[in-house]
Amino acid sequence: MLVSSLLLFVLVAGCDRRADPTDYPEYDIDALQALMEQGDLTSKELTRFYLDRIDAVDRAGPTLNSIIEVNPDAITISAALDAERQESGPRGPMHGIPVVLKANIDTADGMETTAGSLAMKGHRPPADAFIVEMLREAGAVILGKANLSEWANFRSNSSSSGWSSIGGQTQNPYGVLRNPCGSSSGSAVAVAASLTSVAVGTETNGSIVCPSSVNGIVGIKPTLGLVSRSGIIPIAHSQDTAGPMARTVKDAAILLTAMVGADPADPLADTFPATVPDYAENLAKDALKGARIGVYRSHAGAGTDDRVEAIVTATIATLKSLGAEIVDPIELDTEGMSEAQGEVLYYEFKADLNEYLVNSGAPVSSLSEIIEFNEAHADTVMPFFGQERMLAAQAKGPLTDSEYVEALAKSKRISQDALNQALEEHQLDALIAPTRGPA
């Protein structure tokens, strides 16, 4: 739950931006679908609106640099979906809705999948990622690829969030001198600046929720295994997942529902739930009645910004007004977890990335080749920061090393024990805390 996004949802829901029927910056998915059903809007018109806005805002004007490339087939796809709507009706709530994908998600079309790296320039995978298949089946229009922190921010300890050697620096639309946060910065900025209806990001450790928070949108990191990871350039299989990014909670829920599916190619396929709800249908006004929600007060940065504390206080009051029971404060003992999970990331990055590069037919076939490429092209690839994380990962051994096995077990044990103990001791349904402070 993103505190800043809750406030934005209220503001957007309360403003009337429908005076001009050709201007759709703040329309949510329900409103867009209503217009298309009434015949007042087509997916082709909506797609053209966003493409024009990308030209005007992302590539000119403030030059946000959130979009690496647009789909050359977007207009054709949207027109075909319009014809299908006329003939047989919409497939569902995502029919004809434009979606931007982070540039580490595979598409077998006219776009590249590069993770923002010049070492991957020209990479066109042979197949869509499973989540892209799901989105296409739901009737979504894949509008383009979003810029990101290069290699999902696993190249350097001193990186600039939202910078890649292909896409340059993504800018925060609320203040271009402010950090857009990463690594799904382009996805967040594209949504915040109304360059798309919704977007897909990926997260290992904060890469959806952080850019969502500082760009004032809603971002969800789903439970691991709920959304397929196959066909996505990885960091670490024990933490990676894709997730929805949107201007409202309901739009994020609609997109999540369209993304969820059991993928036999995902190592966590056997943990996929027997039944999956329609998340958007679960947003009933009385959904929080009787829910017990704990407030985690000892998070990093707690008490350092009065503005954040005021938002937390106001959010707690809102939750109470909706019928929730608040347990405040809740303590979590996670000492030792960060160091252990950091070790896991280095091991898994090397193993998982090497596997992806070989299986997808990428221009480089191993982490060591990427390191060599970066060194050979340092002027363009590393003008601002280096590749310390890649070098550290390359020095690691296989996933059978006892150091990795022990670190994985330790990080999982500490985190799961801390959460389970708090939930069980206080009979909680959820925990809340601010995602982070201001940009």
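Of the residues making up the stretch 294-305, none is closer than 29 Å to ASP30 by Cβ, at pLDDT 95 or above and not hydroxyl-bearing (Ser, Thr, Tyr). From the list ASP128, ASP106, the one residue that fits, being surrounded by fewer than 24 Cβ atoms within 10 Å (Cβ to Cβ) and under 21 Å from the mean Cα position of the chain (by Cα), is ASP128. Taking the stretch 222-238, which residues are aliphatic (A, V, I, L, M), buried (at least 24 other Cβ atoms within 10 Å of the Cβ) and part of a loop (DSSP other than H, G, I, E, B)? Result: ILE233, ILE235.
The residues in the stretch 149-194 that are more than 14 Å from GLY219 (Cβ to Cβ), open to solvent by 10 Å² or more (accessible area, probe 1.4 Å) and part of a helix (DSSP H, G or I) can be counted, and the count is 2.
For the stretch 81-91, the set of residues classified as of a type in the set (A, V, I, L, M) and either surrounded by 16 or more Cβ atoms within 10 Å (Cβ to Cβ) or within 18 Å of ALA34 (Cβ to Cβ) (or both) consists of LEU81 only. Taken over the stretch 34-80, the criterion of being polar (S, T, N, Q), assigned to a helix (DSSP H, G or I) and either exposed (fewer than 14 other Cβ atoms within 10 Å of the Cβ) or in contact with a Pro (Cβ under 6 Å, 6 or more places away or on another chain) (or both) is satisfied by GLN38, THR47, THR76. Going residue by residue through the stretch 260-277, is there one that turns out to be at pLDDT 95 or above and not in a loop (DSSP other than H, G, I, E, B)? No, that holds for no residue. GLY201 meets all of the listed conditions (1) open to solvent by 10 Å² or more (accessible area, probe 1.4 Å); (2) closer than 26 Å to HIS95 by Cα; (3) within 14 Å of the chain's Cα centre (by Cα) but one, namely (1). The residues of the stretch 204-221 that are open to solvent by 10 Å² or more (accessible area, probe 1.4 Å), closer than 26 Å to GLN341 by Cα and either assigned to a loop (DSSP other than H, G, I, E, B) or modelled with pLDDT under 95 (or both), listed by number, are THR204, ASN205, GLY206, SER207, ILE220, LYS221. Could we say that ALA291 is of a type in the set (A, V, I, L, M, F, W, C), closer than 28 Å to ARG389 by Cβ, over 22 Å from the mean Cα position of the chain (by Cα) and open to solvent by less than 50 Å² (accessible area, probe 1.4 Å) here? Considered against the rule, which asks whether it is of a type in the set (A, V, I, L, M, F, W, C), closer than 28 Å to ARG389 by Cβ, over 22 Å from the mean Cα position of the chain (by Cα) and open to solvent by less than 50 Å² (accessible area, probe 1.4 Å), ALA291 comes out as no.
Restricting the first member to the stretch 130-150 and to residues that are touching a residue at least 40 places away in the same chain (Cβ under 8 Å), and the second to residues that are open to solvent by 10 Å² or more (accessible area, probe 1.4 Å) and among the aromatic types (Phe, Trp, Tyr), the beta-carbon pairs closer than 8 Å and six or more apart or on different chains are SER149/TRP163.
Selection over the stretch 299-308 of residues that are exposed (fewer than 14 other Cβ atoms within 10 Å of the Cβ) and assigned to a helix (DSSP H, G or I) gives a count of 2. Counted as qualifying within the stretch 349-439 are the helices (runs of 4 or more DSSP H) with 3 or more residues that are closer than 24 Å to ARG155 by Cα, in contact (Cβ under 8 Å) with a residue 12 or more places away in the chain and not polar (S, T, N, Q), namely 367-376, 388-394, 402-425.
The values are calculated or read from the model by the stated rules, or taken from the named source; none is laboratory data. Note that the structure is a prediction, hence the values are computed from the model and not measured. Reconstructed Cβ throughout: ideal geometry from the backbone, glycine too, with neighbour counts over all protein chains shown. In case anyone asks, the SASA skips ligands and DNA or RNA and just uses the protein heavy atoms, side chains included. Shrake-Rupley method; radii C 1.70, N 1.55, O 1.52, S 1.80 Å.
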